[in-house]
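The values are calculated or read from the model by the stated rules, or taken from the named source; none is laboratory data. All values derive from a computational prediction rather than experimental measurement. Counting neighbours? That spans all protein chains shown, and the Cβs are built from the backbone with ideal geometry, glycine included.
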């Protein structure tokens, strides 16, 4: 399940997430959306085509600002 976390407070944000699994998988939002058929993402988000075209289909270890 994709999710998003944001610190809306003024103190450091600490988050501990646990899963009952033997392995860890990291899948970024843009890769997740880029790997989903365009029609499915568009049906839910109606993003501009240039945003959809900019989504990565493979994981980027360092993402420039």
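Looking only at region 8-27, residues that are modelled with pLDDT of 80 or more and within 28 Å of residue 46 (Cβ to Cβ) come to 1 in all.
Taken over region 2-47, the residue count meeting the criterion of being exposed (fewer than 10 other Cβ atoms within 10 Å of the Cβ), on the phi < 0 side of the Ramachandran plot, in a loop (DSSP other than H, G, I, E, B) and without any contact (Cβ under 8 Å) to a residue 24 or more places away in the chain is 22.
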